[in-house]
Amino acid sequence: MTNNTMNNPSNIEHIVMRRVRAIRVLRPILSAGTLSIAIFIVALWGIGREVWVARVFQNMPHSGDLLAIGNFYLAAFNHTRFVVQALTFIAFASVVYFAREFVRTVSFIFTRAHA
């Protein structure tokens with residue numbers, strides 16, 4: 001005697017499994033890490049629209065002195081508009097959040113593998 005439900009899934013099982021597969025596909029796309037990357041890209045795009053980035057790198061001191069380069073970037077940041085400063089903070093925060101999520105994911109994978 002064979003089990004009829006194993007060979008011919010019911011309509012409900014078909015619908016549920018289709019939804020499970022859809023969630024499995026959409027989960028990485030809609031994750032918080034992906035959202036932080038999208039915010040980072042939009043913030044960089046906004047900075048690129050407001051600042052002529054090539055000129056910033058052209059005006060940067062090329063002496064190799066890290067203190068002079070740090071002072072240059074601090075002065076450049078202080079002399080930009082508020083929009084650029086806000087976008088810079090948003091880009092930085094999104095990278096920090098993504099790094100945090102990445103470390104949490106990798107640590108979860110390693111703890112599950114060794115458990």
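Key figures for this structure:
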| item | result |
| --- | --- |
| Breaking point among (1) without any contact (Cβ under 8 Å) to a residue 12 or more places away in the chain; (2) surrounded by 12 or more Cβ atoms within 10 Å (Cβ to Cβ); (3) among the acidic types (Asp, Glu), for Glu50 | (1) |
| Residue among Leu74, Leu26 that is at pLDDT below 90, of a type in the set (A, V, I, L, M, F, W, C) and surrounded by fewer than 11 Cβ atoms within 10 Å (Cβ to Cβ) | Leu26 |
| Number of positions in the stretch 54-79 that are part of a helix (DSSP H, G or I) and hydroxyl-bearing (Ser, Thr, Tyr) | 1 |
| Considering residues of the stretch 80-103 that are outside any loop (DSSP other than H, G, I, E, B), polar (S, T, N, Q) and touching a residue at least 24 places away in the same chain (Cβ under 8 Å) only, the residue farthest from Ser31 (Cα to Cα) | Thr88 |
| Qualifying residue in the stretch 91-102 (condition: surrounded by 11 or more Cβ atoms within 10 Å (Cβ to Cβ), at pLDDT 90 or above and among the basic types (Lys, Arg)) | yes |
| Identity of the residue in the stretch 31-43, at pLDDT 95 or above and surrounded by 17 or more Cβ atoms within 10 Å (Cβ to Cβ), that ends up farthest from Ala91 (Cα to Cα) | Ile39 |
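For every residue, the table says whether it meets (1) hydroxyl-bearing (Ser, Thr, Tyr); (2) within 23 Å of Gly46 (Cα to Cα).
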position	(1), (2)
Gln58	no, yes
Ser63	yes, no
Tyr73	yes, yes
Arg81	no, yes
Val84	no, yes
Ile90	no, yes
Val96	no, yes
Val103	no, no
Val106	no, no
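The values are calculated or read from the model by the stated rules, or taken from the named source; none is laboratory data. Here the structure is a predicted model, which means the values were calculated and not measured. Cβ sites come from the backbone with ideal geometry, for glycine too, and all protein chains shown count toward neighbours.
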